[in-house]
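The next block holds one structure in the form of structure tokens; read it before the comments.
A short reminder: the numbers here are calculations on the coordinates, not readings from a lab. Model, not experiment: these values are computed from the prediction. Neighbour counts run over all protein chains shown; Cβ positions are idealised from the backbone, glycine included.
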Amino acid sequence: MASSLHPTSHQKPIYTLLRVLLFYSLSVAILLFTSRLTKSLPTTVANLLSIALASLLTFLLVVGFTRWEKLHLSDVGVIPGSQSAKRFVTGYLIGLSMAVMQAIIVLFFGRLHLVFNPHMAAVEISLSALLYLLVACREELAFRAYALRSLSNSITSAFALLIIIVIFIGEHILAGMNWMTAVIGSGLGGILFGIAALKTRGLALPLGLHSSWNFGQWMIGFKNKPGIWEAIVDKGYEAKTEAIGLAAFALVMVLAILAVSILYKVKKKSDSL
């Protein structure tokens with residue numbers, strides 16, 4: 001994150017911030033539009049089509065705002081490069097490992113049991129993996145592409161990241177997440193994905209981390225619905241197990257943030273997605 005310690009944009013930071021807020025508002029409008037457009041379809045089809053269309057339109061929005069600010073797409077990290085596949089796979093493996101580590105901690109300290117779901121078909125697993133990839137794609141485009149990179153060119157990267165995290169938390173609260181989970185969950189997630197984007201100057205690493213973390217939690221049954229396993233808490237221990245789960249989440253996120261901060265050096269130039 002040290003590469004943007006000094007502002008590099010010639011425009012006033014307030015203009016950049018207002019433009020980023022406009023960009024984000026339009027990205028939310030796109031999400032609402034695609035959800036409404038597909039709501040009459042079967043749930044699985046509607047979810048996939050809605051988020052896929054939202055991702056595509058958000059990408060086009062990134063293109064438009066990037067040109068408006070006289071930047072190149074490589075400047076906001078959405079152009080694939082030689083390291084993109086490696087970074088995505090690395091992020092995906094780290095994200096899955098984080099989900100497994102959280103589950104192990106909760107199983108050890110909490111009153112939680114994981115029951116294998118024999119009715120889960122391979123096609124449903126594949127569609128869930130695709131859905132979480134698309135969800136992560138839309139969010140990375142909305143938060144860690146144009147928005148974060150434009151702000152980090154105008155103000156310090158740390159302050160830019162803070163602004164994006166606040167917006168990221170706000171979106172999850174508006175989506176129905178409670179305050180504590182949003183601040184800790186989305187907050188730490190926003191730090192991890194943001195640092196990954198700033199360190200690599202691209203989206204491949206945060207996209208891998210983001211999508212596999214959500215998919216891993218779904219597999220274990222931590223998305224409030226059965227996945228490959230169903231998470232069952234002993235009656236009367238719900239609050240305790242939830243607290244342990246949140247603490248375990250915070251621990252694995254902090255470890256991942258430290259790992260990404262140490263292992264990845266800030267790129268001097270826009271390298272790739």
message: Against the definition (assigned to a helix (DSSP H, G or I) and farther than 22 Å from residue 246 by Cβ), how does residue 147 come out, yes or no?
response: yes
message: Within the stretch 186-193, does at least one residue satisfy the condition of being of a type outside the set (Asp, Glu) and without any contact (Cβ under 8 Å) to a residue 12 or more places away in the chain?
response: no
- prompt: What do you reckon, is residue 41 surrounded by fewer than 16 Cβ atoms within 10 Å (Cβ to Cβ), free of Cβ contacts under 8 Å to residues at least 60 places away in the same chain, aliphatic (A, V, I, L, M) and not in a helix (DSSP H, G or I)?
  reply: yes
- request: With respect to residue 152, determine if the residue is buried (at least 21 other Cβ atoms within 10 Å of the Cβ), of a type in the set (Ser, Thr, Tyr) and touching a helix residue (DSSP H, G or I) at 6+ places or on another chain (Cβ under 9 Å).
  value: yes
task: Could you grab me the full set of residues in the stretch 123-149 that are buried (at least 19 other Cβ atoms within 10 Å of the Cβ) and of a type in the set (Gly, Ala, Ser)?
output: 128, 136, 142, 145, 147
task: Please verify whether the stretch 109-122 includes one or more residues that are in contact (Cβ under 8 Å) with a residue 12 or more places away in the chain, assigned to a helix (DSSP H, G or I) and either more than 24 Å from the chain's Cα centre (by Cα) or surrounded by fewer than 22 Cβ atoms within 10 Å (Cβ to Cβ) (or both).
output: yes
message: If I filter the stretch 237-265 down to residues being in contact (Cβ under 8 Å) with a residue 40 or more places away in the chain and farther than 22 Å from residue 93 by Cα, which single residue comes out as surrounded by the most Cβ atoms within 10 Å (Cβ to Cβ)?
response: 244
